[in-house]
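Each remark here refers to the structure printed beneath this line.
Every number here is computed from the coordinates shown, using simple stated rules; none is lab data. None of the values given here were measured: they were computed from a predicted structure. Glycine gets a Cβ as well: all are built from the backbone with ideal geometry, and neighbour counts include every protein chain shown.
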Amino acid sequence: MRTARLALAAAIAAGALAGCTSWNPLVNFGIISEPAHKPTELAPITETLKPRAVWSTNVGKSTPFNFKPDAEGGRIYAAAADGTITALEDESGRVASRIETKKPISGGVEVGASKIVVGTTKGEVIAFDPTSGKQLWSSQLAGEVIATPAISRKVAVVRTSDGRIFGLSVDDGKRLWVFQRPAPSLLLRSETGVLAVGGDVLAGYANGKLIALDLEDGKLTWEVTVSQPRGATELERIADISGLPVIDGANVCAGAFQGKVACFEIQTRNMLWARDVSTSQGLANDAKYLYVTDDTGAVQALDKTSGASVWKQDKLAWRRVTGPLVVHGSIVVGDGFGYLHMLSPSDGAIIGRVATDGSAINSMIAANGGVVVQTAKGTVSLIRF
């Protein structure tokens with residue numbers, strides 16, 4: 001029975017929730033059934049923003065992974081599944097350099113402390129010099145690296161597919177610590193990694209748990225419950241936190257699949273509020289609201305102080321919508337058909353739209369006065385509006 005459960009988890013993992021596309025993996029793999037949902041057709045919009053692609057460059061396909069680019073020192077760094085790491089000039093999109101790692105990259109690219117750090121399907125974490133492209137060190141972990149590493153205070157924090165979190169020295173790759181805990185028999189493997197801020201590491205876990213570790217030694221400093229598992233079967237009781245949490249001043253917020261979105265006071269760990277919203281995405285916030293893409297693809301705004309619903313934009317339902325990103329006072333989401341949509345923070349109206357290469361938008365970051373997106377086909381574009 002245990003083997004069957006693990007195999008089922010692996011099947012779900014094949015369509016790993018990257019914190020990017022909104023879909024229900026239990027439905028997509030035929031594990032549970034519900035009425036089929038066709039993607040909502042795009043309707044005409046009143047365009048008050050005029051988004052445009054400043055440049056677009058292909059860096060290589062990311063399939064079957066969802067890679068996120070990184071920006072550092074006037075360059076955009078992006079990885080491809082074939083092991084290529086490309087550095088693009090952020091103003092022109094011109095290829096500045098390429099590193100052929102000849103490794104099956106699966107864990108995205110993170111740039112920090114004068115290093116480019118990536119992870120592989122075989123559990124290898126590799127650091128390169130951004131200028132010369134020379135490999136500086138390699139560290140072997142006992143698990144597939146499926147998430148982008150995080151770097152803070154010269155520590156690279158890496159998460160593997162079995163849920164373990166490793167702290168590595170950015171200088172030489174030496175293992176500093178490892179955090180692990182028992183996992184439930186059935187879980188969703190997520191490409192979501194960890195958030196490293198200052199001396200803290202935040203990570204979502206199975207059964208709706210959000211934890212914090214000390215960056216220096218990897219010890220657990222606190223733990224809160226975002227959502228309790230519910231349902232009669234193990235499938236129904238999956239309530240894993242699959243997207244990165246957000247820190248909002250003295251508070252932290254996170255969301256769980258088949259669960260809730262909740263905010264906590266960091267110092268006391270007291271829950272401020274919780275709301276029934278199922279999400280496999282990361283969250284975003286501005287001065288007033290917390291933004292979330294639910295599992296239908298609807299984008300919602302919640303009041304940060306109470307969790308009350310402010311608006312819900314469902315005209316993108318079932319389009320495999322990404323998690324939200326706040327850029328220049330607009331809410332930006334991508335979809336599984338290559339469109340980028342800009343929403344008004346006041347009422348959720350779609351006020352801008354631009355097409356990319358027709359393939360799913362895997363990830364987005366705010367950079368160089370706009371949004372840098374990376375698609376499944378490997379197009380990296382700078383969109384300004």
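Numbers for the structure displayed
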read-out	value
Relative packing of 202-210, 289-297, which averages over residues the other C-beta atoms within 10 Å, highest first	289-297, 202-210
FRET E, pair ALA287, ALA142, Förster distance 41 Å, beta-carbon r, rounded to 0.05	0.40
Mean separation of Cα contacts under 8 Å, 6 or more apart, over the residue count of the chain: relative contact order %	17 percent
Taking GLU41, GLU72 and counting other C-beta atoms within 10 Å, the order from fewest to most	GLU41, GLU72
At R0 = 30 Å, FRET efficiency that the Cβ-Cβ distance of ALA43 and ARG269 yields, to 0.05	0.10
Relative contact order [Cα under 8 Å, 6+ residues apart], segment 67-190, whole percent	15 percent
Expected 222 nm ellipticity per residue - DSSP helices of 4 or more, -39500 (n - 2.57), all of the chain, to 500	-1000 deg cm²/dmol
About the Cα centre, charge dipole magnitude for segment 67-190 (Lys/Arg +1, Asp/Glu -1 at Cβ), debye	420 debye
LEU176 long-range amide H proximity, modeled H, under 5 Å	GLY167, LEU168, SER169
Long-range HN-HN contacts of VAL197 with modeled amide H, under 5 Å	LEU202
Given charges at Cβ of Lys, Arg, Asp, Glu: the chain dipole, positive-most of ILE241, PRO104, SER278	PRO104
